[in-house]
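Reviewing the structure listed below.
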Amino acid sequence: MTTEMTMPRRGAGAGGIRLRTAIAAAFVLARLKPGRLRRVLARCARGARPASYAETLEVFEAVVTTSRRCAGRYGCLPRSVAIALACRMSGVWPDWCAGVRAAPPFAPHAWVQAGGRTVGEQAEPAGLRPLMTVTADGGDPGGHGDGDDGGRGAERAA
């Protein structure tokens, strides 16, 4: 058997050019400071309708199938951004969240929610504490983690 016969073709099926573009953009955006990332995502979310759980789960599965780095344990930030961007290309937006795991192992984490449920997460929603949330209207409900100082808050306090 040749490699072509045993390995699925890249770009076939769910991993089209739009999805790969969203993933590449997500890796660039994931390098931004938290406040700036939130502002960029809020702009992207403007005018979108809220994504359903089924739509978001389909995009989640496509992203983790297409990108090994997004599928990995430490790929949560680019994965969540890629899912949000790929959903936006279809005119919808899931709730994008960044925060911490509230139960051991304590760690920073980013995820998406749709229909009030986390999408593709093993952790229970009660075990995740959002510090920043970007919703379909581009807003940040409840004022979670404004972060508009672009990470300069500590400089001003000093």
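Derivation of every value follows stated rules applied to the coordinates shown; laboratory data play no part. Small disclaimer: the values here were computed from a predicted structure and weren't measured.
Structure above, values below:
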| quantity | calculated |
| --- | --- |
| Ellipsoid equivalent to the stretch 42-96 - semi-axes via the Cα gyration tensor, in Å | 19, 12, 8 |
| Kirkwood Rh and Cα Rg combined as Rg over Rh, evaluated for the stretch 29-128 | 0.93 |
